[in-house]
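Accompanying notes for the structure given below.
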Ligand SMILES: C[S@@+](CC[C@H](N)C(=O)[O-])C[C@H]1O[C@@H](n2cnc3c(N)ncnc32)[C@H](O)[C@@H]1O
């Protein structure tokens, strides 16, 4: 991993913002991911994220924390938060922004236990493929304190496969429609391709039930997106 995501966060944090990250997928063209969005304050966050932050309590883990925006909001409220990310640049930025407990670590390497685990900005993306969902959910379950909760957002992206006549065009031999190849570039450098998973609520629910977890829809957004609460 070249950590272009982290490089972009560092540039923005250090006052060197000139261009945005460019993302695309196997089913969509280039799209800008504006760097200021990755530094959003509570008032600029989507309602689903605000909802998740308001429900966060106890000892909290922010998984895939990015620049630490969610962590900082909760930390400022006096809550105890640990922020983890696999991007070195992201963790450096978190520390520069004042996150007290930020660690360069992947979710599967985390071993402490928490009352609230946050996975926000399409949290299911971190699972990468449908095949890996059960391993990630089982691991998340092991990180929950008694009465703990996992707050996670995602989208049902079936709408991306609708043609002008309202027909669904996906190749029937293809993998699950939310399993995408994700490409990222920054300042003309290309990141190694990665997998990114959008899980519709029903599939998340089924996967949770299969590993002995409950899953509840807390809120739906304006564009096929939702916030779910997972618990034992
Ligand atoms: C879409 S960004 C979201 C960043 C932040 N949560 C936000 O809302 O601004 C996803 C983040 O997850 C991190 N990530 C990806 N896979 C991860 C893993 N297995 N464990 C921890 N973090 C991961 C990426 O490096 C990236 O910072």
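Tabulated data for the structure shown
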item: Ellipticity estimate at 222 nm from DSSP helix runs (n ≥ 4, -39,500 (n - 2.57)) divided over the chain, nearest 500; result: -7500 deg cm²/dmol
item: Within segment 79-171, percent of DSSP bridges classed antiparallel, to nearest 5; result: 10 percent
item: Segment 1-73 and segment 113-182: distance between their alpha carbon centers, rounded to Å; result: 18 Å
item: Ascending count of other beta-carbon atoms within 10 Å, so fewest first, for 70, 139; result: 139, 70
item: Percent RCO, i.e. relative contact order, over the chain, from Cα pairs under 8 Å lying at least 6 residues apart; result: 21 percent
item: Beta bridges per DSSP with both ends in the chain, % antiparallel, nearest 5; result: 60 percent
item: Distance histogram for the chain (every C-alpha pair counted, 5 angstrom bins, percent rounded to whole numbers); result: 1, 7, 14, 18, 20, 18, 13, 6, 2, 1, 0
item: Share antiparallel - DSSP beta bridges, segment 107-232, percent rounded to 5; result: 80 percent
item: Förster-model FRET efficiency, 25 Å R0, residue 16 and residue 218, C-beta, rounded to 0.05; result: 0.10
item: Likely footprinting exposure, 5, 183, 168, fewest C-beta neighbours within 10 Å first; result: 168, 183, 5
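Read-outs: derived from the displayed coordinates by stated rules, not from any lab. Because the structure is a prediction, the values reported are computed rather than measured. As a convention, Cβ positions derive from the backbone with ideal geometry for all residues, glycine included, and neighbour counts pool all protein chains shown.
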